[in-house]
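A short worksheet on the structure shown next.
The values are calculated or read from the model by the stated rules, or taken from the named source; none is laboratory data. This structure is a prediction, so every number in the text was calculated from the model and none was measured. So basically every Cβ, Gly included, is an ideal-geometry build from the backbone, and we count neighbours across all protein chains shown.
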């Protein structure tokens, strides 16, 4: 018997065997009563179960099923022996039919075949088909593209050639592309879901891209940027797999998704491509981001970048369910990010099963991910949730726990810093983590080494915390540890004797001692180099072009002995322009940057002096206190001013300031350099609105997306509060973001009120 029906939903699907159990819908009254779903539907169609192989999973086309009724796992079900598509009789119906998955697959298949034949003809000089056969396939593809509106980015029917641009244009996002709140526990997803239906979707690991279509044509592709402003990368769109340049939808449509490089493709290209600094790309995420932002589209097209949409930002307004909009994107030629949609509230068991299943899908399809996204499926409800300044409240991102890998510790490398502290770095047999090779990780200090009893030759466990920072998690070969056998007795740079420094702190009522290794030689070359690196850095004097490598050259040639020598480099121009990598143009660019740095601020000047613990936060406090007047600050130091009365200033910081100025060399630098620069007057005080935080001290720990530490502190101060840098009894609130550090532990000990970023922004009225 034959039944004309349409696809409703999937009950079961085996991707290997392609066996499926589908819920179908039909108007056929001959469906047996015991095979019908007992529920009533708004479309008044009958639901029944069909089983078979390679069954259609799109409702864009009706099918005629042939088979017989049998009793099975899902009750009375129709066992399909064969099926065929039913072509609609109207033009509108034909268009919908051609936009179905089979038509899309035809377009994809023909595009791939024709591109392969072109490669054989033009590049290999070994055609496998005749010109007549090629032309016939070409005409068929053109016909399908014209009727369906589906056209792949690499379609041979488009003009050959990829444009290049001179620079990336900026664009403002009318709807901000914000982030999502982060969760580390799958149990937290259960609380988030409540009684709402949700989508559980792969969190793709790449670069967020926004596509804008008008009248069926792609008019702009843009990066997410900072969420409010991105870069236009439309010229690279045709070189990115999965971006259709033409779709049948004729109204305004904005699609958001992720551009990424599959781990398999990255493994093949790794080491062959270099980033803007001339170094190999470390992971697929960085390669995808660098490729999408290339100026030359001819280069981008060979990078194997793939795009998958995960949301419709504008358009398809008649559909008020996210999953319906995503299904529609399939018909338009997109390959949508894999997801599950819930039909009822889930328990913890089913959430964990869904996450595991999504991970399997990602692994099988070679899709890079770093977590799972959960978002409400109902669009009106999602919009009602609102947003904060940095994330939408209708979804959360579940971040996977970091995997650890066993390897062998080869040796410990010791690197002097500008403060004299010699930092230990573990060098171990390379391991592949998150698609990139890892062979080094910081060991922090001697106490960390002692705690793990680390010795060369030990088997260790290594991870990438939060998918970014390599970290030694454990030592599998403890025993026989000797600190004397591990630490160098002389500085590896200057050869002067090293010493062990102990610092003490009270945590949970217990005294904690941290041991570090030091070089006390002020003329240690590595130490001096790092001091210069700090001085010219972005947060200090901000001299663009004076990289560590360039500074090392200048020091090696005897051109730099003090910070003041930077402003006298024009005396050595004839020598500099002869150096490798420099020349007349580079010199002029560098000298212009040096001249610009002469106009600086109180805060930058103070940071550049490298007084221990006087960073951005402390320098801002001092700028407000002394009205950005260096002489007033200097007089306060000389007169014995009590700095501990300032917010976030304790005895240690006060002693650091006084000790620094007691050094004659530092006084000399302070006076000499001050004559070479111009300190900008203080900015007019910002108008602040009344807020719950006015007059309070707020400290931030962890990452609060999309803010940098500087921008979140500026936000805090705009609310009339003081942005502190360390937790003390004077702290009123601690904002605890992702990857919270030791500040959280201290705040808990002191009983300080702790806020999540969501709570902070809500209290701030956002």
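Quick notes
- Within region 407-416, tally of residues that are surrounded by 15 or more Cβ atoms within 10 Å (Cβ to Cβ) and within 17 Å of residue 495 (Cβ to Cβ): 2
- Selection from region 582-598 of residues that are surrounded by 15 or more Cβ atoms within 10 Å (Cβ to Cβ) and under 29 Å from residue 680 (Cβ atoms): 586, 587, 590, 591, 593, 594, 597
- Among residues that are in contact with a helix residue (DSSP H, G or I) (Cβ under 7 Å, 6 or more places away or on another chain), within 22 Å of residue 224 (Cβ to Cβ) and outside the structural domain of residue 470 (by TED's automatic domain parsing), residue 305 is included.
- Subset of region 582-607 [at pLDDT 90 or above and not in a helix (DSSP H, G or I)]: 597, 598, 599, 600, 601
- Selection from region 281-333 of residues that are part of a strand (DSSP E or B) and crowded, with 19+ Cβ neighbours inside 10 Å: 305, 306, 307, 308, 309, 310, 311, 312
- Test: residue in region 434-450 that is surrounded by fewer than 19 Cβ atoms within 10 Å (Cβ to Cβ) and in contact with a helix residue (DSSP H, G or I) (Cβ under 7 Å, 6 or more places away or on another chain): yes
- Single residue of region 549-559 satisfying the filter (within 40 Å of the chain's Cα centre (by Cα) and crowded, with 16+ Cβ neighbours inside 10 Å) that is farthest from residue 524 (Cα to Cα): 550
- Scanning region 678-715 for residues that are in contact with a strand residue (DSSP E or B) (Cβ under 9 Å, 6 or more places away or on another chain) and either farther than 16 Å from residue 753 by Cα or at pLDDT below 80 (or both) yields a total of 15.
- Check on residue 647, within 24 Å of residue 696 (Cα to Cα) and surrounded by 12 or more Cβ atoms within 10 Å (Cβ to Cβ): yes
- In region 745-755, the residues that are at pLDDT below 80 and surrounded by fewer than 17 Cβ atoms within 10 Å (Cβ to Cβ): 745, 748, 749, 750
- Those strands (runs of 3 or more DSSP E) of region 347-417 in which at least 1 residues are modelled with pLDDT under 90, within 19 Å of residue 313 (Cβ to Cβ) and touching a strand residue (DSSP E or B) at 6+ places or on another chain (Cβ under 9 Å), considering only elements entirely within it, cover 391-399.
- When 58, 26, 49 are screened for being buried (at least 16 other Cβ atoms within 10 Å of the Cβ), closer than 25 Å to residue 323 by Cβ and modelled with pLDDT under 85, only 58 passes.
- Condition met for residue 597 (out of contact with any strand residue (DSSP E or B) (no Cβ under 8 Å at 6 or more places or on another chain), on the phi < 0 side of the Ramachandran plot and touching a residue at least 60 places away in the same chain (Cβ under 8 Å)): yes
- For the criterion of being within 30 Å of residue 356 (Cα to Cα) and at pLDDT 80 or above, residue 200 passes.
- The single condition among (1) touching a residue at least 60 places away in the same chain (Cβ under 8 Å); (2) within 21 Å of the chain's Cα centre (by Cα); (3) closer than 23 Å to residue 296 by Cα that residue 201 does not meet is (3).
- Residue in region 525-537 that is crowded, with 16+ Cβ neighbours inside 10 Å and out of contact with any helix residue (DSSP H, G or I) (no Cβ under 9 Å at 6 or more places or on another chain) present: yes
- Residue match in region 650-667 (condition: surrounded by 12 or more Cβ atoms within 10 Å (Cβ to Cβ), at positive phi and in contact (Cβ under 8 Å) with a residue 12 or more places away in the chain): no
- Enumeration of residues in region 320-330 that are under 20 Å from residue 247 (Cβ atoms), in contact with a helix residue (DSSP H, G or I) (Cβ under 9 Å, 6 or more places away or on another chain) and in contact (Cβ under 8 Å) with a residue 60 or more places away in the chain: 322, 330
- Extreme residue, farthest from the chain's Cα centre (by Cα), among residues of region 178-193 that are within 25 Å of residue 308 (Cα to Cα) and outside any helix (DSSP H, G or I): 186
Results for (1) touching a strand residue (DSSP E or B) at 6+ places or on another chain (Cβ under 6 Å); (2) without any contact (Cβ under 8 Å) to a residue 12 or more places away in the chain; (3) farther than 30 Å from residue 431 by Cβ, shown as yes or no for each residue.
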residue: 236; (1), (2), (3): no, no, yes
residue: 250; (1), (2), (3): no, no, yes
residue: 253; (1), (2), (3): yes, no, yes
residue: 279; (1), (2), (3): no, yes, no
residue: 287; (1), (2), (3): yes, no, no
residue: 299; (1), (2), (3): no, yes, yes
residue: 303; (1), (2), (3): no, no, no
residue: 341; (1), (2), (3): yes, no, yes
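- Selected residue (criterion: farthest from residue 358 (Cα to Cα)) from residues of region 1-24 that are in contact with a strand residue (DSSP E or B) (Cβ under 9 Å, 6 or more places away or on another chain) and without any contact (Cβ under 8 Å) to a residue 24 or more places away in the chain: 9
- Subset of region 194-242 (residues that are under 20 Å from residue 398 (Cα atoms) and outside any loop (DSSP other than H, G, I, E, B)): 198, 199, 200, 201, 202, 203, 204, 207, 208
- If you go through region 560-581 and keep only what is surrounded by 18 or more Cβ atoms within 10 Å (Cβ to Cβ) and either outside the structural domain of residue 619 (by TED's automatic domain parsing) or assigned to a loop (DSSP other than H, G, I, E, B) (or both), you end up with just 560.
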